[in-house]
C-alpha cells in the first residue's frame with residue numbers, strides 16, 4: 001500500500017467528528033431499506049473473503065505475527081461463517097414481534113416490539129484477533145441499519161486496512177462505513193466526544209473502565225469485552241487425552257494471547273499426576289516459530305513478551321515451579337530478549353496469591369493445580385475477578401452441565417475451550433471485570449438496536465378508557481370490582497364491572 005493510501009486513513013479528533021456526521025447522513029437512507037435488502041447487499045462479502053482467504057491470512061500473519069494457520073482458522077473462517085449466519089438470522093431476530101396479552105383488563109391493547117438502529121456505532125478493536133472481532137461487529141451493526149466508524153489497534157494497521165478494503169466491496173452508501181487510524185489513547189475520547197450513538201470496545205479492563213467513566217455524563221451505551229483469566233476444570237472421569245489436547249490448544253494457540261484462552265487448569269486430584277504428565281509432554285513438544293509447520297508464533301511485541309516474563313518470574317518467586325517448557329524446535333530460533341518468540345510454559349505448585357491466579361497473563365503461560373473435588377474446582381474458578389469463559393472436561397455430560405451452571409462466566413464449554421468465539425450463533429461477553437454487554441449471536445444483533453413497544457388500542461369506536469376523567473364513586477367501585485376479578489377471580493364482581501363497561505363509548 002503506498003503512502004497516499006496509508007495517509008488517507010489517519011485521522012484527528014476533528015476528522016472523527018466529521019466522519020461520524022457523514023455516516024449519520026448516509027445512515028438515513030440505509031436504515032430505510034428492509035432487513036432483507038441490507039442482508040442481500042452484505043452477503044456477497046462472505047464469498048469475497050473466502051475467495052481471497054489465503055492471501056488475507058498471509059496479510060494478517062505478517063501484520064500480527066500469528067501463525068498463518070491461526071489466521072485462517074480463527075480469523076478468516078469465523079468471518080465467512082458470520083456473514084452467512086447474520087445475513088440469514090437478522091431478518092427474523094430484528095423483525096417486529098407481537099406481545100401476548102397480559103390480562104383481561106387490557107383486552108383491547110395489542111402491543112408490538114419494534115427495533116430501530118442506534119444511528120452511528122463506534123467500534124474499537126484489539127490486536128490479538130484484529131480481523132474476526134471487528135468484522136463480526138461491523139456486519140451486525142450494518143445489518144441492523146447503523147453507520148459504523150471502525151478503529152483497529154495501532155500495532156496491526158494493515159489488518160485494519162484490509163477490513164477497509166473488504167467493506168469497500170460492499171454495496172452500501174458512501175460514508176456509511178469509515179475505517180480510521182489514530183492513537184489508542186485518543187480513540188475513545190474522539191468517538192465519544194464526536195457523537196457516536198453507541199460504542200463497542202474490546203481491550204483491557206483498565207481502559208474499559210476509563211471509557212465507561214467518560215461515557216457516563218452522556219449516558220452513552222457501551223459494550224465492553226475485556227480481560228479474562230479462564231479456568232478449565234478437569235473432572236476425575238474426563239477423557240484425559242482429549243482434555244490435554246484441547247487445553248493445550250486453548251492455552252497456547254495465538255501465543256497464548258487470547259482473552260478467552262485457558263490460564264488456570266484445575267484438575268481432580270485422582271487424575272492430577274497422569275494428566276500433568278500428558279500435558280507436560282505435549283507442551284514440551286510444541287514447536288515455536290513462524291512457518292506452517294510450527295505450533296506457536298511470535299508474540300505481538302517484545303514489550304508484551306517482557307511483561308509476561310515478569311509475571312512468570314513473580315510466580316516463581318512465590319514458589320511456583322516450571323513443570324514443562326517448550327524448546328525452540330527445528331525452526332524456532334532462540335528465546336533471547338531481542339525476539340518476541342517465547343516458550344510455552346506450564347507452571348505447577350500454584351497458590352492463590354500468584355499472578356497466574358489473580359491476573360490476566362496474556363502470553364503462552366498456563367498454571368495447573370490439583371483440587372479435591374468438583375465443588376472446590378468451581379470455588380477456585382469463581383474466585384477470579386474475571387468471568388469471560390470456562391470449560392468442564394468430563395465424560396458425564398449431565399454432571400458437566402450441572403457444573404457449568406455454577407461457574408460465573410459468560411461462556412462455558414464442555415469438553416472444549418476457546419472455540420465458542422468462532423460460533424456466530426453464540427453470544428460473547430463476560431461477568432465482572434471481563435466486561436459488559438454481549439456481542440455475537442441473537443444477543444449481539446439486539447445490542448445493535450434500540451427496542452421500543454407500540455401499543456395499539458383495538459376496541460372499535462371507543463371514546464375513552466375506564467379510568468379517565470371525570471372520576472366518580474361508580475368508577476371507583478367498578479375499578480375495585482375489576483381488581484377483585486383480575487386478582488382473585490371473584491365472580492361476584494362481574495355485575496359491578498358490567499356497570500362501567502359501556503363507559504368505553506361514553507363521550
Could you go through the range 219-226 and let me know if any residue there is in contact with a helix residue (DSSP H, G or I) (Cβ under 9 Å, 6 or more places away or on another chain), outside any strand (DSSP E or B) and within 13 Å of residue 386 (Cβ to Cβ). yes
Looking at residue 193, is it closer than 23 Å to residue 93 by Cβ, touching a helix residue (DSSP H, G or I) at 6+ places or on another chain (Cβ under 8 Å) and surrounded by fewer than 19 Cβ atoms within 10 Å (Cβ to Cβ)? no
Inspect the range 146-159 for any residue being surrounded by fewer than 21 Cβ atoms within 10 Å (Cβ to Cβ) and out of contact with any helix residue (DSSP H, G or I) (no Cβ under 9 Å at 6 or more places or on another chain) and give the result as yes or no. no
Could you tell me which of the residues 263, 304 is closer than 19 Å to residue 392 by Cβ, surrounded by 19 or more Cβ atoms within 10 Å (Cβ to Cβ) and out of contact with any helix residue (DSSP H, G or I) (no Cβ under 6 Å at 6 or more places or on another chain)? 263
For the range 385-415, enumerate the residues that are within 19 Å of the chain's Cα centre (by Cα) and touching a residue at least 40 places away in the same chain (Cβ under 8 Å). 385, 386, 387, 388, 389, 390, 391, 407, 409, 411
Just one of (1) crowded, with 19+ Cβ neighbours inside 10 Å; (2) in contact with a strand residue (DSSP E or B) (Cβ under 8 Å, 6 or more places away or on another chain) trips up residue 408, so point out which. (1)
Considering the range 176-190 alone, what residues qualify as being farther than 20 Å from residue 131 by Cα and either buried (at least 17 other Cβ atoms within 10 Å of the Cβ) or free of Cβ contacts under 8 Å to residues at least 24 places away in the same chain (or both)? 185, 190
Hits in the range 156-178 - residues which are within 25 Å of residue 450 (Cβ to Cβ) and under 22 Å from the mean Cα position of the chain (by Cα): 167, 177, 178
Flagged in the range 442-454 as out of contact with any helix residue (DSSP H, G or I) (no Cβ under 6 Å at 6 or more places or on another chain) and surrounded by fewer than 20 Cβ atoms within 10 Å (Cβ to Cβ), in numbering order, are 443, 446, 450, 451, 452, 453, 454
State which residue is surrounded by the most Cβ atoms within 10 Å (Cβ to Cβ) when the search covers only the range 417-439 and only residues that are more than 10 Å from the chain's Cα centre (by Cα) and on the phi > 0 side of the Ramachandran plot. 418
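Listed here are the residues, each with its yes/no results for (1) over 24 Å from the mean Cα position of the chain (by Cα); (2) touching a residue at least 40 places away in the same chain (Cβ under 8 Å).
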| residue | (1), (2) |
| --- | --- |
| 441 | no, no |
| 455 | yes, yes |
| 465 | yes, no |
| 471 | yes, no |
| 475 | yes, no |
What helices (runs of 4 or more DSSP H), lying completely within the range 19-122, carry at least 3 residues that are more than 29 Å from residue 187 (Cβ to Cβ) and outside the structural domain of residue 167 (by TED's automatic domain parsing)? none
All positions within the range 303-325 that are free of Cβ contacts under 8 Å to residues at least 40 places away in the same chain and part of a loop (DSSP other than H, G, I, E, B): 318, 319
Failed item, numbered, when residue 215 is tested on (1) at pLDDT 95 or above; (2) outside the structural domain of residue 169 (by TED's automatic domain parsing); (3) surrounded by 16 or more Cβ atoms within 10 Å (Cβ to Cβ): (2)
Closer than 30 Å to residue 295 by Cα, within 24 Å of the chain's Cα centre (by Cα) and at pLDDT below 95, is that true of residue 65? yes
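The values are calculated or read from the model by the stated rules, or taken from the named source; none is laboratory data. Keep in mind that this is a model prediction, so the values were computed, not measured. Every residue, glycine as well, gets a Cβ built from its backbone with ideal geometry; the counts of neighbours run over all protein chains shown.
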